[in-house]
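Below is one structure; the comments refer to it alone.
The values are calculated or read from the model by the stated rules, or taken from the named source; none is laboratory data. Remember, it's a predicted structure, so these values are computed and weren't measured experimentally. Please note: Cβ atoms are built from the backbone with ideal geometry, for glycine as well, and neighbour counts cover all protein chains shown. Surface accessibility is based on the protein's heavy atoms, side chains included, excluding ligands, DNA and RNA. Shrake-Rupley method; radii C 1.70, N 1.55, O 1.52, S 1.80 Å.
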Amino acid sequence: MAAPFRIGTGAGFSADRLDPAVALAREGALDAMLIECLGERTLAFGHRDRRLDPQRGYNAWLERRMRALLPPCRENRTTIVTNMGAANPSAAADRTVAIARELGLHGLVVACVEGDEVTDLLDPDTPFMDEEGTLRDVGLPIVGANAYLGADALLPALEAGADVVIGGRIADPSLAVAPLARHFGWRPDDWDRLGAGTLVGHLLECGMQVTGGYFADPGMKDVPDLARCGFPIAEVGADGAAIITKLASAGGSVTPLTVKEQLLYEVHDPRRYLTPDVTADFSAVSVTAEGRDRVAVGRAGGARRPDGLKVTVGFEGGYLAEAGVSYAGANAVGRGRLAAAILEERMREVHGIQGPIRIDLVGVNSLFATAGTPGAETEDVRVQAALRSTRREDAETLLWEVEAILCCGPAGGGGFRGQITPSVVTRSCLIDRERVRPRLRLEVA
Amino acid sequence: MARRILRDVAHARAGDKGDTSNVAVWAYDPADYPLLLRLLTPERVKAAFPHLIRGAVERYEMPHLHGLNLVMRHALEGGVNASLNLDSHGKSFSFLILGLPIDEA
């Protein structure tokens, strides 16, 4: 039997840790490393950044990630496949080539995959993908729209011998499917194998969420050495079945429980997990312990890929204002409730602000307040207020009023903090895949 | 004896897509899987949180892995871009579901 293809994760979200990626690049004997750094909001913020500076709009940590990962990946002949290009793959690729030259990695082939940006192809009357209405109904300026590209957009780069493939809105699992399809020669209509590769990509794409991250519940689900948790490795066979594991030297754990939790993460119907590559079927997937931190997965299947590509459309969303003050000791809850009532009256009646305002009592009930769960008794409560508005002045008013509560509200309030952050709104629609034309640019360092 | 909740017999993970939250719930012991099926019907889940879950609840079963997937539409207060909940992704919803009592199930 041929040696398995070894693929590992170098990041599972935009702010993911770097040191475990470096350990994996050095010690993981990887054929490929996927670095997944893009969410719907991250991409919309990338478009905003690019508008302010044409050389920005890619992942903020690209520079540090590439400096740390290019040398060990070069040494170990590990291909990097990443969507760190976000809203500006071209600038990300240029920066990567410059870093490679600085580090003396001459001859490194960097591929830039573009064509995911479809802002100019969208009609305002395009309907939403999964809800009533059209893009026009949002009534806000579009900051950018990107179609999800699949493995077929990455394969020409791999076939051209790229050491680093940088794209923007590449579908997360496709970052794994492309190197697997290239290595094993899977046909573009071999739906079962593409489904199996998609399962591998799905399990790897969130990094530590399959090796013990987002999992621990002390006393029920303990994870060893979570502070040093390792990123996952998949050892994949020609049929797409795989072992999920990690470096023995890294913290965390890989068990059927960690794998099952990630199996359905952000999945709706397990029989129909849609990607640009395939309609993957995870409903009969097997999950079997094969030894310490080794879990075998198999029996994923697939059917024909969808004709439409999902498009994420980002809109300017105004501002999110958040501000809080704290109360502690006897009757902290009573004083917190009084502060909340005063804030509500000030914002609504004195300032006439109409839009949604939320005021939570953190420590009593906040995350589950809307769910109506009973609150807790506490002597340490934080009054946390939030609003969204297209008017910056409204956002500033919230911060002003919450700070004023210190001297103008109940006794013993302290610890004011407040922040205003730009907000984006995203919606999804579909585009005929024939209208989306991926473009490849190769550059040698 | 303390009141038993779902967390005593199952583990769960929450994910979000737009305004839809999904929570997959897995029995530690296969013998408890039928209890999950009885307790976590779409009707009972929606009825437990009527103000939170404003859309339909769908359920997908994974009997061979002793788990099921709850897909809750319009359950994220507009989604990560619109919600004023501090946890705008609904990451904490796994523990909302795991907090359901199982005494009467």
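Restricting attention to region B:13-29, report how many residues are more than 21 Å from A:V425 (Cα to Cα), out of contact with any Ser or Thr (no Cβ under 9 Å at 6 or more places or on another chain) and more than 7 Å from every other protein chain (Cβ to nearest Cβ).
Going residue by residue through region B:13-29, those that are more than 21 Å from A:V425 (Cα to Cα) are B:13-14, B:23-29.
Filter again for out of contact with any Ser or Thr (no Cβ under 9 Å at 6 or more places or on another chain), leaving B:26-29.
Okay, now just the ones that are also more than 7 Å from every other protein chain (Cβ to nearest Cβ), so B:27-29.
Of the residues in that region, 3 qualify.
State the number of residues belonging to region A:167-186 that are out of contact with any strand residue (DSSP E or B) (no Cβ under 9 Å at 6 or more places or on another chain) and either at pLDDT below 95 or open to solvent by less than 50 Å² (accessible area, probe 1.4 Å) (or both).
Total meeting the criteria: 3.
Please name all residue pairs, on different chains or six or more residues apart, with Cβ atoms under 9 Å, provided the first residue is in region A:177-190 and is in the same structural domain as A:D31 (by TED's automatic domain parsing) and free of Cβ contacts under 8 Å to residues at least 60 places away in the same chain and the second residue is aliphatic (A, V, I, L, M) and surrounded by fewer than 24 Cβ atoms within 10 Å (Cβ to Cβ).
Pairs found: A:A181/A:L155; A:A181/A:L158; A:R182/A:L155; A:R182/A:L158; A:G185/A:A238; A:W186/A:A238; A:P188/A:L155.
Does region A:292-336 hold any residues that are more than 24 Å from the chain's Cα centre (by Cα) and modelled with pLDDT under 95, and which are they?
Residues satisfying the conditions do not exist here.
Consider region A:219-237. How many of its residues are surrounded by 16 or more Cβ atoms within 10 Å (Cβ to Cβ) and small (G, A, S)?
As a first pass, look at region A:219-237 and keep what is surrounded by 16 or more Cβ atoms within 10 Å (Cβ to Cβ): A:221, A:223, A:226, A:229-237.
Retained after the next criterion (residues that are small (G, A, S)): A:230, A:234, A:237.
Qualifying residue count for the region: 3.
Filter region A:282-303 down to the residues that are of a type in the set (S, T, N, Q) and at the interface with chain B (Cβ under 10 Å from one of its Cβ atoms), then identify the one that is nearest to A:F231 (Cα to Cα). Lay out the reasoning, then the answer.
Within region A:282-303, the first condition is being of a type in the set (S, T, N, Q), and the residues that meet it are A:283, A:286, A:288.
So of that shortlist, the ones also at the interface with chain B (Cβ under 10 Å from one of its Cβ atoms) come out as A:283, A:286.
Working: A:S283: 25, A:S286: 22 Å.
Among those residues, the one meeting the criterion is A:S286.
So the check is Cβ under 6 Å with 6+ separation or different chains; which pairs have a first residue in region A:153-166 that's surrounded by 20 or more Cβ atoms within 10 Å (Cβ to Cβ) and charged (D, E, K, R) and a second one that's at pLDDT below 95 and not in a strand (DSSP E or B)?
Nothing qualifies.
Out of the residues in region B:90-104 meeting the condition of being more than 9 Å from chain A (Cβ to nearest Cβ) and either at positive phi or over 12 Å from the mean Cα position of the chain (by Cα) (or both), tell me which one is modelled with the highest pLDDT.
That would be B:P101.
Going by the structure shown, is A:E132 more than 17 Å from A:F5 (Cβ to Cβ), of a type in the set (D, E, K, R) and either open to solvent by 30 Å² or more (accessible area, probe 1.4 Å) or modelled with pLDDT under 95 (or both)? So that I can check it myself, show each step before the final result.
Values: more than 17 Å from A:F5 (Cβ to Cβ): yes; of a type in the set (D, E, K, R): yes; either open to solvent by 30 Å² or more (accessible area, probe 1.4 Å) or modelled with pLDDT under 95 (or both): yes.
So A:E132 passes the test.
Go through region A:340-373 and count every residue that is in a loop (DSSP other than H, G, I, E, B) and within 32 Å of the chain's Cα centre (by Cα). Please lay out each step first, then the result.
Taking region A:340-373 as the starting set, the residues that turn out to be in a loop (DSSP other than H, G, I, E, B) are A:351-356, A:363-364, A:366-373.
Narrowing further to those that are within 32 Å of the chain's Cα centre (by Cα): A:355-356, A:363-364, A:366-373.
Residues in region A:340-373 being in a loop (DSSP other than H, G, I, E, B) and within 32 Å of the chain's Cα centre (by Cα): 12 in total.
Considering only residues of region A:376-401 that are farther than 15 Å from A:G352 by Cα, among the small types (G, A, S) and open to solvent by less than 20 Å² (accessible area, probe 1.4 Å), which is nearest to the other protein chains (Cβ to nearest Cβ)?
That would be A:A386.
Restricting attention to region A:51-99, and to residues there that are among the basic types (K, R) and closer than 18 Å to A:A145 by Cα, which single residue is surrounded by the fewest Cβ atoms within 10 Å (Cβ to Cβ)? Please lay out each step first, then the result.
Step one: of region A:51-99, the residues among the basic types (K, R) are A:51, A:56, A:64-65, A:67, A:74, A:77, A:95.
Narrowing the set further to residues that are closer than 18 Å to A:A145 by Cα leaves A:51, A:56.
Numbers: A:R51: 13, A:R56: 17.
Of everything passing the filter in region A:51-99, A:R51 is surrounded by the fewest Cβ atoms within 10 Å (Cβ to Cβ).
Among the numbered conditions (1) within 14 Å of chain B (Cβ to nearest Cβ); (2) surrounded by 21 or more Cβ atoms within 10 Å (Cβ to Cβ), tell me where A:P356 comes up short.
With (1) within 14 Å of chain B (Cβ to nearest Cβ); (2) surrounded by 21 or more Cβ atoms within 10 Å (Cβ to Cβ) applied to A:P356, the lone miss is (2).
Yes/no matrix, rows are residues, columns are (1) at the interface with chain A (Cβ under 8 Å from one of its Cβ atoms); (2) closer than 29 Å to A:T211 by Cα:
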| position | (1), (2) |
| --- | --- |
| B:L6 | no, yes |
| B:H11 | yes, yes |
| B:L52 | yes, no |
| B:G78 | no, no |
| B:S88 | no, yes |
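Name the single residue, out of those in region B:51-105 being part of a loop (DSSP other than H, G, I, E, B) and touching a Pro at 6+ places or on another chain (Cβ under 8 Å), that is surrounded by the most Cβ atoms within 10 Å (Cβ to Cβ).
Initial filter on region B:51-105 (part of a loop (DSSP other than H, G, I, E, B)): B:51-56, B:66, B:73-92, B:99-100, B:102-105.
Then drop every residue that is not touching a Pro at 6+ places or on another chain (Cβ under 8 Å), which leaves B:56, B:66, B:84.
Working: B:A56: 13, B:H66: 20, B:L84: 22.
That would be B:L84.
Specify which of the listed residues (A:P270, A:P306) is touching a strand residue (DSSP E or B) at 6+ places or on another chain (Cβ under 9 Å) and either among the polar types (S, T, N, Q) or within 13 Å of another protein chain (Cβ to nearest Cβ) (or both).
A:P270
Tell me which residues, restricted to region B:30-50, are within 12 Å of another protein chain (Cβ to nearest Cβ) and in a loop (DSSP other than H, G, I, E, B).
B:F49, B:P50
In region A:260-282, what count of residues is obtained for those that are outside any strand (DSSP E or B) and open to solvent by 30 Å² or more (accessible area, probe 1.4 Å)?
Step one: list which residues in region A:260-282 are outside any strand (DSSP E or B), which gives A:260-272, A:275-278, A:282.
Still in the list and also open to solvent by 30 Å² or more (accessible area, probe 1.4 Å): A:266, A:268-269, A:271-272.
The number of residues fulfilling the criteria is 5.
Tell me which of these A:G412 doesn't satisfy, since it passes every other one: (1) within 13 Å of chain B (Cβ to nearest Cβ); (2) at positive phi; (3) modelled with pLDDT of 95 or more.
With (1) within 13 Å of chain B (Cβ to nearest Cβ); (2) at positive phi; (3) modelled with pLDDT of 95 or more applied to A:G412, the lone miss is (1).
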